[in-house]
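What follows is a short report on a single structure.
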Amino acid sequence: MRPGNEAELSEAIRGARGALRVVGGGTRGIDWGSGEGLHTAGLTGISLYEPGALTLVAGAGTRLAEGEALLAGEGQRLAFEVPDFRGLLGRQGGSTLGGVVAANASGPRRVQVGACRDAVLGVRFVDGCGAVIKNGGRVMKNVTGYDLVKLMAGSRGALGVISEVSFKVQAVPEAEATLVGAMHAVPGVAAMAAALGSPFDVSGAAWVGGDVRLRIEGMPGSVAYRAGALVARLRGDWDVATGDGSAALWREVRDVAAFQGRGGAVWRVVVKPSDAARLAAGTAAADVVLDWGGGLVWLRDPGFDVRARVAGLGGHATLMRGEGAAFGPEAPAVAALTAGLRAAFDPRGLFRSGAMN
């Protein structure tokens, strides 16, 4: 099914007689649901862009590249730094703005600005009964009642199909610099924690291939001062990359470039940053990427039962590439909450195979 607008999307869902699988740009690697494909490619177009109000509104099927190009023309961006996993997962096509929200796709800058869901001002979506639901708007405000914006961000098509999204956008800083220092994982996590706990407004903290990377963005004079002050606080030997060189380092982190072109299972794990080094213990540095100050751990062929070890740490793991189920079983309390949400938004079970995050 390929609806061309929201009304056709609603009609298609109302008339469905079996399971539906929501299809966006096809770049994320995990199948969302099973059954007949319900494509969002017809729900395109940027309906509102107000640079002065830092607001963008677009159809869910609008390509991410189109939105980013429009924003770049005004010196603006989506602050949450959308990952591009095509190289990691061997996918083609292009991400859509609706798919970005449905996946809550968030990159290294999450440590400073929050996740994708924190930049979404509003959504329109069609639930499993074919009803069109709108929540949020074009400005940030206090929430009363159900915050469906936050619920749909990361829902992966399990509750309905997003038809339109509204974003808060951000001006692109004039300068950026990245401190790079070689160290093992344990001191690396400690250095990231110290940097993120400092007053220097670090916008990225990662450990890749035995190197810690710490990013600072802003006005040129401020970036230079804060970078120097952070080096003095952390001590040790640090190289500094600026401009395009700095940006390239963070594209590598964002897209998990260290694992591209290399076989093996790839796991995405979220844990407390203080547990990151413990989780990755015994795994070669080339097969580990730590992002979000250690809160996000990427593992390639780790050689141990990832879900068992992560469960012991109170985190959660997703198999992004490899044989087996992408998502593990939910905790009983979470499963009960999920079942209640599904019953409310998808009582016919059309999207029953979707997995929420």
Cα Rg over Rh - region 175-254, Kirkwood: 0.92
Translational diffusion coefficient (Stokes-Einstein; Kirkwood radius from C-alpha pairs) of the chain at 10 °C, 1.306 mPa s, in µm²/s: 75 µm²/s
Descending Cα extents along the principal axes, region 6-103, whole Å: 46, 35, 17
Summed side-chain charge close to L70 - residues other than L70 whose Cβ falls under 13 Å, Lys, Arg +1, Asp, Glu -1: -2
Simple Cβ-charge dipole of the chain, Lys/Arg +1 and Asp/Glu -1, about Cα centre, in debye nearest 20: 700 debye
Region 6-171, dipole about Cα centre (Lys/Arg Cβ +1, Asp/Glu Cβ -1), debye to the nearest 20: 360 debye
Rel. contact order, % - alpha carbon contacts under 8 angstrom, at least six apart, region 6-171: 28 percent
Local electrostatic count, T96, Cβ distance below 14 Å [Lys/Arg +1, Asp/Glu -1]: +2
Residue exposure sequence - I162, I13 - by fewest surrounding Cβ within 10 Å: I13, I162
Cα lying deepest toward the dipole's positive end in the chain, options G324, G98, L350, charges on Cβ: L350
With Cα atoms, 0 to 90° folded angle of helix 220-234 axis to the chain main axis: 60 degrees
Student exercise, region 232-357 dipole from Lys, Arg, Asp, Glu Cβ charges, in Debye to nearest 20: 360 debye
Hull shadow area, averaged, region 239-357 [alpha-carbon convex hull, nm²]: 10.0 nm²
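Values in this text are rule-based calculations from the coordinates and carry no lab data. None of the values given here were measured: they were computed from a predicted structure. With ideal geometry, Cβ positions are generated from the backbone for all residues, glycine too; neighbour counts draw on all protein chains shown.
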